[in-house]
Structure formats: structure tokens, C-alpha cells
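Student: Quick one: this structure, given as C-alpha cells, is what I'll be asking you about.
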Amino acid sequence: MTRPESLTRGRLRTPRAAAVAGILFSGLLALAFVLFLSAVPRDSLEHGAWLTTGLDRIVLAINLIPFAGVAFLWFIGVVRDRLAEAEDRLFATVFLGSGLLFLAMMFVATAVFGAIVLVHAAHPEALRDSSAYALARAFAYTLVNVYAIRMAGMFMLITSTIALRTAFIARWMAAPGFAMGLFLLFASPWVNWSFLVFPLWAFLISVYLLITSLAQEAEGRRTTRSVP
């Protein structure tokens, strides 16, 4: 292996890469959720008033979701690379599958909102109060609030389980991960703004990885200087 390839491989294996990707993901996703939740009523059978009052926020959120998805893929990839040989096939399958399912469903739901916006721009009076709008709106609501949010909870639970088994992060951080994951699995439909739990958890994990990475690098530099 050449020296440039070795350096690149080393950078990808550092916790800092996962931390940066996780912070970007959590920030972008939280912002997109806040924009969606502040503009669109929780009632899946509402009549589309947000198409005139909150359209700019929805358009911004729609454009943020793909970048959040890219950051999330990097986060998953670098965490798996960090686990390396310690990765268990069973847990790795659930970890990767729940993460990809969450991302796919978020993309589909966002695409539904994008389609509603496009149709509204072309035919503003025809879409509101139509059966097509009601179906699209209910589909996006169900996809996010019944399925995607539970895949996010499953992702948190399996990541916390992997943390207990491999200690790729501090084992004490698994406890809040289990609590938040169970909350998303069972209690989220009855709590407004519950989806913000997922980016908050990703942010906490990422900050921890970043802090430990910087501390390890600082310790490594001190050790190097002390060697005669």
C-alpha cells in the first residue's frame, strides 16, 4: 500500500470522521424537522393551509434533507469502519438495515412533500381540499410518524447494544440511547416534536467521539514528545 493510500485509510478510521459526519447530520436533520413541524400541522387530515403560510420553510427543509442523508451515510460508514473486526454480523445487519430504512423512508416522505409543492405551484387552486392532496398528505404522515420514527428508535437501540458489547463509545452512553430508542418506539406518536430526539442523540454521540478523539490525539502528542 502506498503512503497516500495509507494516510487516507487512517483518516477514515478515526473517530473524528464519524463525529463530524454525525454533527452535520444532527444539525441538518434537526433544522429540517423544526422547519417541517413549525409549518405543517400535525393533523394528517388538515386542508393544506401551510401551502400559503409556510411554503418557504417547507421548501428549505426539502432541500436540507438530502444533505442530512449524505452525512448520515458517512456516519454509518465510519462507525462500521471503527468497529472493524469487532462487528457482529447479526447486530451489523440490524444496524445497517434500520439506518438505511430510516433514510429511505425519510427521502420518500420528503419527495411526497416536494411533489405537493410542485403541483401547488402549477395548480394552486386545484390541489387544496382535493382527494389527491389528502392521500399524499396522509401517506407522508404515516410513513414518517409510524414507520421512519420507529426505525430511528431501532437504530438507537442497536447502536447502544453494540456500544455495550464493543465499547466503541463509553458504555454508560448506552443507557440514554436505550431510553431514547424505547421512547421513539412506543411513545413518540403521542408527543409533539418527539422526532427531535433522534438528532439530539446523534449529536451527543458525535460530540463524545470528537472529544475523545481530540483527547487521544493530545495524549499521543505528549507521549511522542516524551520519547527520547
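Student: Between the helical axis of 149-166 and the dominant principal axis of the chain, each derived from Cα atoms, what acute angle in degrees is found, rounded to the nearest 10?
Tutor: For helix 149-166, the angle is close to 10 degrees.
Student: Moving on to the next point. Compute a Gaussian network model of the chain, connecting alpha carbons closer than 10 Å, and tell me which residue from Thr166, Thr52, Thr142 fluctuates the most.
Tutor: Most flexible of the set in this elastic network: Thr52.
Student: Expressed as cubic angstrom per residue, what is the convex hull volume of the alpha carbon set of segment 170-216? Walk me through the intermediate numbers first.
Tutor: Values: hull volume 2.5 nm³, N = 47.
Normalising the Cα hull of segment 170-216 by residue number yields 54 Å³.
Student: On a 0 to 90 degree scale, rounded to 10, what angle separates helix 89-122 from the longest Cα axis of the chain?
Tutor: 30
Student: I need the peptides 151-163, 187-199 ranked by packing, meaning the mean over residues of other C-beta atoms within 10 angstrom, with the highest value on top. Can you show the working numbers first?
Tutor: Details: 151-163: 23.6, 187-199: 16.2.
Descending packing order for the listed peptides: 151-163, 187-199.
Student: Among [x] 0.93; [y] 1.07; [z] 1.00, which is the computed Rg/Rh (Cα atoms, Kirkwood Rh)?
Tutor: [y]
Student: Can I ask one more? Could you please state, rounded to a whole Å, how far the C-alpha centre of segment 151-192 is from the C-alpha centre of segment 50-81?
Tutor: 21
Student: Additional query: Rounded to the nearest 10 degrees, what's the angle between the helix 131-142 long axis and the longest principal axis of the chain, both from Cα atoms, 0 to 90?
Tutor: Helix 131-142 and the main axis of the chain meet at about 30 degrees.
Student: Would you mind computing Rg(Cα) / (2.2 N^0.38 Å) for segment 16-93, counting N as its residues?
Tutor: Working: Rg = 17.0 Å, N = 78, 2.2 N^0.38 = 11.5 Å.
Dividing the Cα radius of gyration by 2.2 N^0.38 Å gives 1.48.
Student: A follow-up question, please. Each residue of segment 57-74 in turn: what ³J(HN,Hα) in whole Hz from Karplus with 6.51, -1.76, 1.60 and θ = phi - 60°, glycine and Pro shown as x?
Tutor: Taking θ as phi minus 60°, the curve returns 5, 5, 4, 5, 4, 4, 7, 7, 4, x, 5, 4, x, 4, 4, 5, 4, 5 Hz for segment 57-74.
Student: Let me ask something else about it. Assuming 1.306 mPa s and 10 °C, estimate D for segment 83-215 with Stokes-Einstein, Rh taken as the Kirkwood radius over Cα pairs, in µm²/s.
Tutor: Numbers: Rh = 16.6 Å.
Rounded to a whole number, D works out at 96 µm²/s.
Student: Would you work out the relative contact order for the chain, in percent, from Cα pairs under 8 angstrom that are 6 or more residues apart? Provide the component values of the computation, followed by the final result.
Tutor: Values: 249 pairs, mean separation 64.2, N = 228.
Once normalised by length, the contact order is 28 percent.
Student: If you don't mind, there's one more thing I want to ask. Full extension from Glu125 to Val34: what is 0.36 nm times the residue separation minus their Cα-Cα distance, to one decimal in nm?
Tutor: Values: separation 91, 0.36 × 91 = 32.76 nm, distance 2.72 nm.
Extra length from Glu125 to Val34 when fully extended: 30.0 nm.
Student: Relative contact order, percent, of segment 55-135 when contacts are C-alpha pairs under 8 Å separated by at least 6 residues? Walk me through the numbers before you get to the answer.
Tutor: On the way: 21 pairs, mean separation 31.0, N = 81.
Computed value for segment 55-135: 38 percent relative contact order.
None of the figures in this text is laboratory data; all of them are computed from the coordinates on show. These numbers come from a predicted model, not from an experiment. FYI the Cβ positions are ideal-geometry reconstructions off the backbone, even for glycines, and counts take in every protein chain you see.
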